[in-house]
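In what follows, a structure is listed as structure tokens, so that the remarks can point back to it.
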Amino acid sequence: EPRRPVVAVDGPSASGKSTVAKALAKALGIAYCNSGLVYRAITWSLVDKGVDLDREQSFKSAVRSMKLECRIEENELHVRIDGKEVGQEVRSPAVNAAVSRVSASPWLRKRLLPLFRKLADDRALVMEGRDIGTAVFPGTRFKFYIDADPKVREQRRQKQGESDSIEERDWEDRSRKAAPLRCAADAVFIDSSRMTVEEVVLRMLEELRKRGFPLPKESSVS
Ligand code: CDP
Ligand code: CDP
């Protein structure tokens, strides 16, 4: 079990997990952590350096030589690679196309585990990703798995102005050997296909209350 309360939020791409995790953290007055940002930042750096992802030794030595820093500031995760704070560039099509391959590496995932866990050493947080409830914080009592119909998810992505297909990335995330995307046995499963963001967050707050999460006096959704 983590030292501080951790809410784990997992799910496939465009299920709405970032949006609801962020709103939930705000309602709870605690930090919001997007673990995907770390995988994206590493992928961006590898792509930027032109590293051949098929060559394991080049991949490993490039990752080993990266200076990766994760900090929480004003309740949000900030990632720096080689001294530079990552921004919107990690949402590029090139990163979208390569990130699942990079994050399938068991070697890389093992390396990142302590880094993610350390973030919960001195503060409560909502962490969102693919394996937070199954591998990063399997001991937390507060777990959610957010899903939605593939068609709805594709529409949500298009609405956000992104044209990359999420299907392939989802398939890769689900079928990899190391910490694949799946709903933990003790997670609350929410199908958000026909729910608004507010409805999902209210459902989560209700579930947290039932499970004894230390809620602030007024946890309103905005
Ligand atoms: O983080 P993830 O890839 O799972 O999805 P997201 O970027 O948080 O959400 C994708 C889009 O779906 C956002 O524009 C949300 O506002 C929208 N959304 C929605 O319409 N209904 C929901 N119940 C949840 C999210
Ligand atoms: O925003 P979106 O849902 O599209 O993806 P993201 O959360 O930014 O994550 C990008 C990619 O990082 C995922 O497709 C996974 O391959 C990887 N990832 C992972 O393997 N484990 C996590 N805990 C979070 C992300």
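The values are calculated or read from the model by the stated rules, or taken from the named source; none is laboratory data. All values derive from a computational prediction rather than experimental measurement. Please note: Cβ atoms are built from the backbone with ideal geometry, for glycine as well, and neighbour counts cover all protein chains shown.
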Can we say D82 is under 25 Å from E168 (Cα atoms) and more than 16 Å from ligand 2 (Cβ to nearest atom)?
no
Scanning the range 90-123 residue by residue, the ones that are loosely packed, with under 15 Cβ neighbours inside 10 Å, modelled with pLDDT of 95 or more and among the charged types (D, E, K, R) total 2
Subset of the range 60-74, residues within 24 Å of the chain's Cα centre (by Cα) and over 19 Å from V86 (Cβ atoms), comes to K60
For a quick check of your reading of the model, give me the residue pairs whose first member lies in the range 4-22 and is within 22 Å of D121 (Cα to Cα), whose second is in a loop (DSSP other than H, G, I, E, B) and near ligand 2 (Cβ under 10 Å from one of its atoms), with beta-carbon atoms closer than 6 Å and at least 6 apart or on different chains.
D10/R130
If I filter the range 169-182 down to residues being of a type outside the set (K, R) and touching a residue at least 40 places away in the same chain (Cβ under 8 Å), which single residue comes out as nearest to P138 (Cα to Cα)?
A179
Candidates A62, A31, A27, filtered to the one that is away from ligand 2 (no atom under 15 Å from the Cβ), surrounded by fewer than 20 Cβ atoms within 10 Å (Cβ to Cβ) and either touching a residue at least 24 places away in the same chain (Cβ under 8 Å) or not β-branched (V, I, T) (or both):
A62
Just to check your reading of the model, which residue among V126, V136, V200 is within 15 Å of P12 (Cβ to Cβ) and either modelled with pLDDT of 95 or more or exposed (fewer than 15 other Cβ atoms within 10 Å of the Cβ) (or both)?
V200
Determine if the range 81-104 includes at least one residue that is without any contact (Cβ under 8 Å) to a residue 40 or more places away in the chain and of a type in the set (S, T, N, Q).
yes
Residue in the range 136-150 that is nearest to C33 (Cα to Cα), counting only those that are within 13 Å of ligand 1 (Cβ to nearest atom) and either in contact with a Pro (Cβ under 7 Å, 6 or more places away or on another chain) or charged (D, E, K, R) (or both):
D147
